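Visitor: First the structure, then my questions, so here it is.
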Amino acid sequence: MTPLLMLVLIPLLGVVAIALRAPARSVALAASALCLGVVSWMACSYNAAGEFRWEWVQPWFQIPLLGSTALRFGVDGVNLPLLVLTGMVSVSALLVAPAKIERESEYYGCLLFVIAGAYGAFASMDLMCMYIFHEFALIPTFLLIGFWGNGYRRISISFQMALYLLAGSIVLLLGMLGLLFSLPPEIRTTDLRVLQEVLSSYPLHPDSQGMIYFFLLIGFGILVGLFPFHTWAPKSYSAAPTPAAMLHAGVLKKFGIYGLLRVAEPFCPVGAEEWNSLLLMLLIGNILFVGWAALSQKNFNDLLGYSSVMHMGYLFLGLASGTPAALTGVVLLSVAHGLSVSGLYAVQGMVASRTGEVEMASLGGVAKKIPVLGFLAVILAMASVGLPGLGNFAGEILIFFGSWQGLSAGWQTGAMLAALVGVVVSSVYMLRAVRAVFYGTEGKARIEGVGLSLTERVALLIPVVGLLVLGFVPTLVTDDAAASLSRWFVW
Amino acid sequence: MESFVSSLVFWVFATGLVAFSVLTVAGRSPVSSAMSLVATMIFVGGILITLQAYFLGMMQVMVYAGAVMVLFLFIIMLLNLDQESVRKKAWVKALSGVALCGGLFWILLGGLGLGQSRPLPPVPQGSDIRDLGRLLFTEYLLPFELTAVLLLVAIVGVILLCHQVRDRAAKKGGA
Amino acid sequence: MPEKYWWLILVLPLLSAASVALVLRPFRAVSMGVSLLSAWVSFAVALWGFWSQAGSPESVRWMSVGGLSFQFGLVTDGLAKVMLLVVTGVGALIHLFSTGYMSEDPGKSRFFGCLSLFMFSMSGVVLSDNLAMTFVFWELVGVSSYLLIGFWFEKPSASAAANKAFIVNRIGDFGFMIGILTVWSLLGSLNYTQLQSFANDGRVAAVPAGLLTVAVLGLFCGAVGKSAQVPLHVWLPDAMEGPTPVSALIHAATMVAAGIYFLCRVFFLVELSPVALSVIAGIGGLTAIFAALIATQQDDIKRVLAYSTLSQLGYMVLAVGLGSPAAGMFHLTTHAFFKALLFLGAGSLIHAAHHEQNIWKMGGLGKKMPVTFVTFAIGTLALCGCPFLSGFYSKDAILIVAYETNRTLFWVALGTALLTSFYMTRLFVVSFLGEPRGDGAAHAHESPWAMTLPLVVLALLSIVGGYGSAITGALGLQGLPHTHPMAAVGGSVAVFVLGSLAGFLVYRGAKEEKITFKILKSKFYVDEIYEVCVVRASDAIAAVVGWMDTWIIGGVMVRGVALCASVTGQVFRIMQAGNVQVYAFWFALGVAVMLYWMMGR
Amino acid sequence: MIPTLDHYLVLSALVFCIGLAGVVMRRSLIVIYMSLELMLTASIIALAAFSRFNQSLDGQVLVFFIITVAAAEVAVGLAIIVALFRQRKTSHTDEIAWLKF
């Protein structure tokens, strides 16, 4: 019973317990806390310097053409931090989840499904298994937005999101199948580690690599919110209930990046080279276009959605440059970004529950009425803007230095400059939001229910403490990540 | 000499057949088209006779001209259908129908591979009603039984359709 | 093992800030005490460090991946020791002053927490031994100034000023990061000592001049952002929204000086690109004259002092640009003393006159507040360059350097000196002499000892500062002028006398503003220009981009796909006419087409 | 002119197309049914001709089956028309279009 299987099973058992009329919220909280315990135990006792640990294989079903698809779990320096991120965000999301809500058991059941899907997706070492777990986590998000979301257009938004992500998954599936079918039948397997060894010794044919990489890039890009395919993200996050928005923006979005890092970049290096200029152009769009779109947002919820899409641009910049430092920066920044975005969504949820208002124009004076919320919100806002001493900055500086090494061609430094301008733009809209919502005197929206309850304080403390630890001691993540990446990539 | 007579007979029947079939299709009132259909059936029987399929000729006349057309007439009388009123945009439908059938006829001609002179050989020995019966009850026994089942199903179907109608009428009448 | 003690200077303020934030927030007195203690202990360590020859402790590894590794070590050469003395010394005095000034403010513990955070990040800027760490503390200093400017966040103007400060600093840091990345890609290292060795053995000279200029100008752009030079100076006057001790500490003595300190720190790189030197000197001179002109027309006492700081910073940058960082640093040290004194004096005036900041509503405070009066007088004289005071020596050094190297900039500097003594005398005369014009000023009384003691100490320092050869000697920087050409020294004395006399004559017993220049009073309309062509323009772009995002990408592309799916559905629906014959027709047509196709006609 | 196989085939094609025209053009259901019968008889002619041409009786057996099937089909068809007429009082195809989408 390896810990990884426990990570997936505990939430599912939680769902079963909820189905058997157990009190939904406490079961969900217990399950996610238990998972966090398991994950942190794994994090502490992981000292294999980039090697794989706790591997576990369970043959699942045989697809004649695709070779043996099996439940393969494994952990190394790259996906362990993401698992820890999932643990932390899921606990803080469930702490923020409201106690009394109609149809409570389905609500917490869906949340647990999302958590199980996320754990499975990040822990799996098998192409198909990764894909299936990700789909497994998408459906409950669709339900969560549809039933318990906010805003009168949430039904159409949840449909748009579900269809958009399914289209993305189909493109992704095309890429995966292309990858599998370009292998000679006898060695065709979906086991990522075997694939990595096979492909590092004799790589695929260059132009088939180009095609595969393109499909994988667009497929993962849609799941993450790459520039032209990002419109579903801000709308669906602002329509989603707070825990769902935290889990989806904080954790599930990172699956696309993790996929690109684990599958697309190492297996098709020639393809990556070929599509590099396209990716750079799209990520400039991501940073500048979405950045300026964020500037024009009037609603605190949409602003967070646009800001999380914009920060994806930095992750893509790291992936586009492909140097060891940049890729390690991608791992670190995705963890830090996951924490800061989920924290900010938690703050937004608390402000919205107290004032019932989301428009920034009519908010104000929250820091005066609830000083603790103001204090923690400023820290989280500063983190997402990239203040040194907090995790995001360490990730961003690694990506900037790494991509400055990697991107030598003239105009590619243009992409770098765009990313740096993005830092200024992100600080402008984030500070405007903090000023509009927290500073100043009370706006039209009355603030009642003064003071943060203990669960809300803990829910916010988890990301803040995580960010501070990452900011001061980033080697917790970077050493193991660098070791595993150098083992996984062929430089 | 007798070949001249048989060809004459064929042409008479053929022209009659075509004329009356046009009449059934283009007939004004249903009764007149029913009557012309009876004539067509009789001419088809004749054609079969020229092909030395005497039993089938007789069958055609008796079953079709007799039973089927009587059924038609009975229904026409039962429902006392009136003249068909010409709809406003009728010419569109007529034109497209004629175009379709002309095109189909032209295609069929192309497909039939005419022009190779394929004279009809003399009828071999043993091709009369007895052989037909033996064939029917040996080689084609299964299809034969199936047609029996088919007819049974048809009868049950008809009863079911019409029977229900009367029930509802009675209930409506009673309520 | 005495090297370890250097870490105390960083660890103590950080611990005090963290303890105030997490635990001590409700206990105001305790948090004030903790922060005061940490400030004075770190000042003591700085003093010990200044006299002892302790080396710098070995560096700590922050992060290392492949070829790229970020270390965090301390540099403890002469320059750092002097700057550290200034920072911690002035910081400790201002901590003491703010115990009095902020005594009745409810958010006092938060204020002292932010002050400790600032001390941590400022000493970090001074002590860090490589470019990456300097950048880290650079941004931390920016954030702590954001928190302190926006201390009274209920006031919309304060939070707007805080945002403006942080964003303008961020724009400066944008250039700074580009400079760091270029230096790193050109020379491969970030560590100052290594870079210094590269410069010495000529590797830097081998670098293409254009790229080196870009790197140096990038680094200078960071200094422009932090030390509020002309293009990015707009945030400093608005930063006066913060409490006065904040203005004194951050916007007079320490933070704004970080830019000049950094320029002196990397001067071995700067001097290798003459283009960059001339740009730096040009911007320095421009800032000096520009700010001095504006200062003559300001009515708010803190705005006058803010613009005077701007113009003195211009002086220092001018000195560095003219190739003598030593003069710049010397002026920085002396300026820190008397500008902090002037700001604290203004603070005690405001505190006494019940938060009245307009000088035309003050007046006659000299008699009521003797200690502040005397100390403010000393500060004003030092700033104007009155002989035998510290200001005279440091400003004189810069004038001599300007006189020897670049004559036009010499006249600019001289003109600025004239304007400086004019507006300082105007300020002094209007606020201290004559009768009280506002009711606040009418029943002002002397501030408590906690506020006046630092004034006296700073006044002594402003007098003694000029003679401290120990300071100039310890700097270890080159470029201090040895000759004293008569024209420069004579000119500066003449200008001092002329400016103060004019100021005194014009404003003696004046009831309201005598000379008004519309353009100067409204600060050359720079704020309005920025508002229109930067803020409003980017909001317009944002609106267009936002509209495009929701309608073009979100609407046309996404909805478009959905639309064409439903349109094809509509088209096929028309075929299902419901009429049996139409079906028969289509059926027959299908058969015909298939036959036609099958026969390959 | 001795009638060869082609004559019969042309004849059956002609009758078939006339029947089809009737189905497609006429509006009343009964006439459509009659033209349907016409199409069936066309196939009977062709089958008989081939059976004669190939000198085998299989064609004729098939004709036999066609006739029985046609009979069953007419019975059910007319029952439907009767039921329809009783329900909707009409037998014109363009008034029977309730299955329209």
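Yes/no per residue for (1) within 14 Å of chain D (Cβ to nearest Cβ); (2) in contact with a strand residue (DSSP E or B) (Cβ under 7 Å, 6 or more places away or on another chain); (3) free of Cβ contacts under 8 Å to residues at least 12 places away in the same chain:
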residue	(1), (2), (3)
C:TYR530	no, no, no
C:ALA537	no, no, yes
C:ASP549	no, no, yes
C:VAL558	no, no, yes
C:LEU563	no, no, yes
C:VAL567	no, no, yes
C:LEU595	yes, no, yes
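Visitor: Against the condition touching a Ser or Thr at 6+ places or on another chain (Cβ under 9 Å) and in contact (Cβ under 8 Å) with a residue 40 or more places away in the chain, how does C:VAL374 come out, does it pass?
Guide: Spelling it out, it is not the case that C:VAL374 is touching a Ser or Thr at 6+ places or on another chain (Cβ under 9 Å) and in contact (Cβ under 8 Å) with a residue 40 or more places away in the chain.
Visitor: Quick one: in the stretch D:52-80, of everything that is outside any helix (DSSP H, G or I) and touching a Ser or Thr at 6+ places or on another chain (Cβ under 9 Å), which residue is farthest from the other protein chains (Cβ to nearest Cβ)?
Guide: This residue is D:SER56.
Visitor: While we're here: Among the aromatic types (Phe, Trp, Tyr) and under 15 Å from the mean Cα position of the chain (by Cα): does that describe D:PHE16?
Guide: Yes; evaluated as a whole, the condition is true for this residue.
Visitor: Would you mind telling me which numbered condition in (1) closer than 22 Å to A:SER334 by Cα; (2) in a helix (DSSP H, G or I) A:PHE159 fails?
Guide: (1)
Visitor: Any residue in the stretch C:49-63 that is within 25 Å of the chain's Cα centre (by Cα) and small (Gly, Ala, Ser)?
Guide: no
Visitor: Restricting the search to the stretch A:30-49, which residues are under 24 Å from A:PHE489 (Cβ atoms) and either buried (at least 18 other Cβ atoms within 10 Å of the Cβ) or in contact with a strand residue (DSSP E or B) (Cβ under 7 Å, 6 or more places away or on another chain) (or both)?
Guide: Scanning the stretch A:30-49 gives A:MET42, A:TYR46.
Visitor: Out of all the residues in the stretch D:36-73, which are among the polar types (S, T, N, Q) and either surrounded by fewer than 24 Cβ atoms within 10 Å (Cβ to Cβ) or over 10 Å from the mean Cα position of the chain (by Cα) (or both)?
Guide: So in the stretch D:36-73, the residues among the polar types (S, T, N, Q) come out as D:41, D:43, D:51, D:54-56, D:60, D:68.
D:SER43, D:SER51, D:ASN54, D:GLN55, D:SER56, D:GLN60, D:THR68 - these are the residues of the stretch D:36-73 that are among the polar types (S, T, N, Q) and either surrounded by fewer than 24 Cβ atoms within 10 Å (Cβ to Cβ) or over 10 Å from the mean Cα position of the chain (by Cα) (or both).
For every residue, the table says whether it meets (1) out of contact with any Pro (no Cβ under 9 Å at 6 or more places or on another chain); (2) assigned to a helix (DSSP H, G or I); (3) not aromatic (Phe, Trp, Tyr).
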site: C:THR516; (1), (2), (3): yes, no, yes
site: C:TYR530; (1), (2), (3): yes, yes, no
site: C:SER538; (1), (2), (3): yes, yes, yes
site: C:ASP549; (1), (2), (3): no, yes, yes
site: C:VAL556; (1), (2), (3): yes, yes, yes
site: C:ARG559; (1), (2), (3): yes, yes, yes
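Visitor: Based on this model, can you work out whether D:ALA49 counts as within 14 Å of chain C (Cβ to nearest Cβ) and closer than 28 Å to B:LEU120 by Cα?
Guide: no
Visitor: Give the residues of the stretch A:384-408 that are more than 9 Å from chain C (Cβ to nearest Cβ) and farther than 14 Å from C:VAL136 by Cβ, sorted by residue number.
Guide: If the condition is that a residue be more than 9 Å from chain C (Cβ to nearest Cβ) and farther than 14 Å from C:VAL136 by Cβ, then A:SER384, A:ILE399, A:SER403, A:GLY406, A:LEU407, A:SER408 are the ones that fit.
Visitor: With more than 18 Å from A:HIS134 (Cβ to Cβ), crowded, with 24+ Cβ neighbours inside 10 Å and within 14 Å of another protein chain (Cβ to nearest Cβ) as the only criterion, which of A:PRO228, A:PRO234, A:PRO243 stands out?
Guide: Just one listed residue meets the conditions, A:PRO234.
Visitor: For A:VAL473, indicate whether it is without any contact (Cβ under 8 Å) to a residue 60 or more places away in the chain and of a type in the set (Val, Ile, Thr). Can you show your working first?
Guide: Values: without any contact (Cβ under 8 Å) to a residue 60 or more places away in the chain: yes; of a type in the set (Val, Ile, Thr): yes.
Against the criterion (without any contact (Cβ under 8 Å) to a residue 60 or more places away in the chain and of a type in the set (Val, Ile, Thr)), A:VAL473 qualifies.
Visitor: So which residues in the stretch B:24-35 are over 21 Å from D:HIS92 (Cβ atoms) and either of a type in the set (Ser, Thr, Tyr) or facing chain D (nearest Cβ under 10 Å) (or both)?
Guide: None - no residue of the stretch B:24-35 is over 21 Å from D:HIS92 (Cβ atoms) and either of a type in the set (Ser, Thr, Tyr) or facing chain D (nearest Cβ under 10 Å) (or both), so the list stays empty.
Yes/no per residue for (1) more than 7 Å from every other protein chain (Cβ to nearest Cβ); (2) over 22 Å from the mean Cα position of the chain (by Cα):
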residue	(1), (2)
B:PHE13	yes, no
B:SER21	no, no
B:ALA67	no, no
B:TRP106	yes, yes
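Quick grid of which residues meet (1) within 30 Å of the chain's Cα centre (by Cα); (2) in a loop (DSSP other than H, G, I, E, B); (3) hydrophobic (A, V, I, L, M, F, W, C); (4) within 10 Å of chain C (Cβ to nearest Cβ):
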site	(1), (2), (3), (4)
A:ALA445	no, yes, yes, no
A:GLU456	yes, no, no, no
A:ALA459	yes, no, yes, no
A:VAL464	yes, no, yes, no
A:LEU470	yes, no, yes, no
A:THR478	yes, no, no, yes
A:ALA482	yes, no, yes, yes
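Visitor: Taking C:GLY546 as meeting all but one of (1) closer than 26 Å to C:PRO231 by Cβ; (2) surrounded by 12 or more Cβ atoms within 10 Å (Cβ to Cβ), write down the number of the exception.
Guide: (1) is the only condition that C:GLY546 fails.
Visitor: In the stretch C:274-314, which residues are assigned to a helix (DSSP H, G or I) and over 18 Å from C:GLY328 (Cβ atoms)?
Guide: C:VAL275, C:PHE290, C:LEU293, C:ILE294, C:ALA295, C:ILE301, C:LYS302, C:ARG303, C:VAL304, C:LEU305, C:ALA306, C:TYR307
Visitor: Go over the candidates C:VAL143, C:VAL90, C:VAL86, C:VAL136 one by one and state the one that is in a helix (DSSP H, G or I), over 15 Å from C:TRP6 (Cβ atoms) and in contact with a strand residue (DSSP E or B) (Cβ under 9 Å, 6 or more places away or on another chain).
Guide: None of the others qualify; the one that does is C:VAL136.
Visitor: Conditions: (1) surrounded by 15 or more Cβ atoms within 10 Å (Cβ to Cβ); (2) facing another protein chain (nearest Cβ under 9 Å); (3) free of Cβ contacts under 8 Å to residues at least 60 places away in the same chain. B:GLN52 meets all but one. Number of the miss?
Guide: (3)
Visitor: Next question. Restricting to the stretch C:48-83, what's the tally of residues that are of a type in the set (S, T, N, Q) and free of Cβ contacts under 8 Å to residues at least 24 places away in the same chain?
Guide: Counting residues in the stretch C:48-83 that are of a type in the set (S, T, N, Q) and free of Cβ contacts under 8 Å to residues at least 24 places away in the same chain gives 3.
Listed here are the residues, each with its yes/no results for (1) within 14 Å of chain A (Cβ to nearest Cβ); (2) part of a loop (DSSP other than H, G, I, E, B).
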residue	(1), (2)
C:VAL34	no, no
C:LEU37	no, no
C:VAL41	no, no
C:GLN53	no, yes
C:GLN71	yes, no
C:VAL82	no, no
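Visitor: Still on this structure, I have one more. If you take the residues in the stretch A:431-442 that are crowded, with 22+ Cβ neighbours inside 10 Å and touching a residue at least 60 places away in the same chain (Cβ under 8 Å), which one is farthest from C:GLY142 (Cα to Cα)?
Guide: The residue in question is A:VAL437.
Visitor: Which condition number in (1) surrounded by fewer than 24 Cβ atoms within 10 Å (Cβ to Cβ); (2) under 30 Å from A:THR478 (Cβ atoms) is the one that A:SER105 fails?
Guide: (2)
Rundown of residues vs (1) among the aliphatic types (A, V, I, L, M); (2) modelled with pLDDT of 90 or more; (3) touching a Ser or Thr at 6+ places or on another chain (Cβ under 6 Å), yes/no style:
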residue	(1), (2), (3)
C:PHE153	no, no, yes
C:ALA158	yes, yes, no
C:LYS164	no, yes, no
C:ARG170	no, yes, yes
C:GLY175	no, yes, no
C:GLY179	no, yes, no
C:LEU186	yes, no, no
C:ALA205	yes, no, no
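The values are calculated or read from the model by the stated rules, or taken from the named source; none is laboratory data. Predicted model, so just to flag it, every value in this text is computed and none were measured. So basically every Cβ, Gly included, is an ideal-geometry build from the backbone, and we count neighbours across all protein chains shown.
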